[in-house]
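Visitor: This is the structure I have questions about; it appears just below.
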Amino acid sequence: MHGLRRFFVWSIRGVLFVLLFGLALKNQEIVDLHFFFGQQWGLPVSLIVIGSFGLGVVLGLTAAFSRGIARRVEERRH
């Protein structure tokens, strides 16, 4: 059963990689990101999308872990 689960997880990862790689190949146009004080960056659309996805994953995991740590601390107090 554990082997089937591992196969399923790696299959999902592979599909996600292929989809994101295809997205990167289709969206190579340069887009300007305008920041404050007149600063701007020219980046490919795919890099912006993948970066936004990665930032969302990091923020979501941070929120989940901090909530879990707070719960453990609260359980130890009682």
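Visitor: Please order Val15, Val45 by the number of other Cβ within 10 Å, starting at the fewest.
Guide: Val15, Val45
Visitor: Can you sort Ser46, Ser66 so the residue with the fewest Cβ neighbours within 10 Å comes first?
Guide: On the way: Ser46 19, Ser66 10.
Fewest to most other Cβ atoms nearby, the residues stand as Ser66, Ser46.
Visitor: Return the equivalent ellipsoid semi-axes of region 2-77 as a descending list in whole Å, where each equals the square root of 5 times an eigenvalue of the C-alpha gyration tensor.
Guide: Gyration-tensor ellipsoid for region 2-77: 33, 25, 4 Å.
The numbers here are math on the coordinates, done by the rules we state, and not lab data. From a predicted model like this one, the values you see are computed outputs, not experimental measurements. Don't worry about glycine lacking a Cβ; one is built from the backbone with ideal geometry, like all the others, and counts go over all protein chains shown.
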